[in-house]
Amino acid sequence: MHQPLEASIAEHSDLFNLFIELEPEQAKTFIPMEIPNFGAPMRQRTLLDYVNVAVSNMERAVATARGRVGALELQAAQKEKDAAALEAPSEEVPAAAQDTWQAVYQKFDKAVADQQKAAALAALRQPAHNAGTVTATPEDEELTILKKALQMLAYYQEVQKRLIALDAQTFDQSFPDEEYMFRADLPIVYRQQAYPYMQAVQSGPAMVYTKIGTYTRESVGDHGLYDELYDAVWNGDHDKMRALCLPSEEGTENATTLLQMGVQMHTRPSNPYETSKAYFVNIIGPISRSVYSSVHPIVRGAPGSQMGHREASA
Amino acid sequence: MTPGSYHALQLTALIPDHQSALLVVETLVSRGASSNVTDTTGTSAFQYLVASNKVEIIEALLKIDPQVKLACQTISYIHNKTGPPIISAIMDCRRTMVALMLAYGECKSLVTEEDFASGIPAKFVLSKFPYYLAVS
């Protein structure tokens with residue numbers, strides 16, 4: 001869910017001034033919380049964090065766009081230079097030698113060279129768009145991008161200035177003891193490096209077990225015991241699964257030593273920056289079904305079970 | 001309301017003449033119509049009217065509809081964003097609409113968890129967007 005202040009900044013609207021005036025306290029330590037990503041470490045940033053990142057991204061975008069515009073300007077200047085050279089008149093063949101075979105050759109050669117020059121000049125002067133259509137030239141496109149990037153940079157700098165004037169804080173300043181720190185110095189594409197989870201995936205063991213969660217993936221710790229659990233599931237060893245995951249009737253076990261049923265295993269991707277291709281092996285279905293049915297056969301409902309007989313008799 | 005069906009208040013957005021539209025709105029509200037009724041996507045008639053930028057109708061509803069406070073707090077999913085109606089007005093840069101909604105005091109400049117919880121219109125929204133439960 002978005003707060004009005006957040007939505008106004010996201011839309012690059014000057015309405016942000018209004019909402020900062022109305023809720024100045026909110027702007028100081030506000031953590032935008034879009035619901036689908038609520039609680040994810042990557043979302044643990046204050047508004048100032050987001051704006052700082054936006055400013056640095058826009059500065060990079062402006063630098064890139066300026067570089068492209070500069071390159072295109074150089075290219076255009078070179079074109080002009082080439083055109084000027086092509087337009088320069090070629091040397092005339094000396095009149096005295098016109099009756100020799102060399103003069104005939106030179107005359108022919110000059111005619112061919114002139115023709116080639118004219119063709120090259122026409123190519124240089126040719127507009128970038130097809131006749132009859134209105135298409136922006138590459139220079140125009142790059143200038144538009146640069147103009148837009150400059151506008152966005154100015155907007156975010158204004159928001160940043162306003163927030164700093166309000167004594168707004170970054171997430172690290174607001175919550176110095178939090179485990180997951182957002183590292184604003186990292187470009188967005190490498191942000192997964194900021195999280196211990198991804199570091200474990202990229203530099204840790206080849207296989208990692210984590211709790212199943214839509215947005216958070218917390219390591220479950222002891223690797224060996226989860227190997228045993230996976231083996232037990234694979235072999236259908238219900239007693240082993242029960243012993244590892246469920247408390248006994250005596251209840252003497254420490255709850256923290258019991259394994260999580262909802263875990264997933266994934267392997268380290270070959271490319272450390274490629275997270276989307278990580279292999280997720282989800283075992284919550286088989287584990288929960290087998291453990292649950294072994295402990296509570298009455299609710300299993302399969303043919304031959306107690307529930308099945310009841311339904312049949314009814 | 002179901003997808004494909006329309007609330008009578010929502011249809012007032014189609015009346016070209018503002019005065020006639022206002023008369024219809026007043027009549028409907030006086031006979032019990034509520035702008036907080038939602039369709040199965042959880043979007044209320046109020047939300048649709050805000051998205052249609054019907055300033056006069058919204059002003060009338062803010063004045064006369066007893067359910068309008070809830071309508072202002074109803075969270076819906078519109079423009080790929082989740083939030084109360086004021087969010088869609090902000091995202092469309094409708095300054096007049098934003099000012100109007102804030103001026104009547106029913107729409108807030110800060111959505112609290114209490115607003116969020118009270119603004120959820122019906123159970124089907126929870127089943128459709130279960131992540132609402134994460135913060136409610």
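Going by the structure shown, is B:A33 surrounded by 15 or more Cβ atoms within 10 Å (Cβ to Cβ) and farther than 24 Å from B:M91 by Cβ? Judged against the criteria, B:A33 is a match.
Taking each residue of the range A:230-248 that is at positive phi and looking for partners that are at pLDDT below 85 with beta-carbon atoms closer than 9 Å, six or more apart or interchain, yields A:G236/A:S290. Within the range B:19-47, the set of residues being in contact with a strand residue (DSSP E or B) (Cβ under 9 Å, 6 or more places away or on another chain) and not in a helix (DSSP H, G or I) comprises B:S34, B:S35, B:N36, B:V37, B:T38, B:T41, B:G42, B:T43, B:S44. With respect to being assigned to a helix (DSSP H, G or I) and in contact (Cβ under 8 Å) with a residue 12 or more places away in the chain, B:L102 fits the description. Only a single criterion out of (1) outside any helix (DSSP H, G or I); (2) in contact with a helix residue (DSSP H, G or I) (Cβ under 7 Å, 6 or more places away or on another chain) is not satisfied by B:P16, namely (2).
You will find that of A:Q44, A:Q26, the residue that is more than 9 Å from chain B (Cβ to nearest Cβ), crowded, with 16+ Cβ neighbours inside 10 Å and at pLDDT below 85 is A:Q44 and no other.
The residues of the range B:83-99 that are in a loop (DSSP other than H, G, I, E, B) and more than 7 Å from chain A (Cβ to nearest Cβ), listed by number, are B:P84, B:D92, B:R94.
The values are calculated or read from the model by the stated rules, or taken from the named source; none is laboratory data. Here the structure is a predicted model, which means the values were calculated and not measured. As a convention, Cβ positions derive from the backbone with ideal geometry for all residues, glycine included, and neighbour counts pool all protein chains shown.
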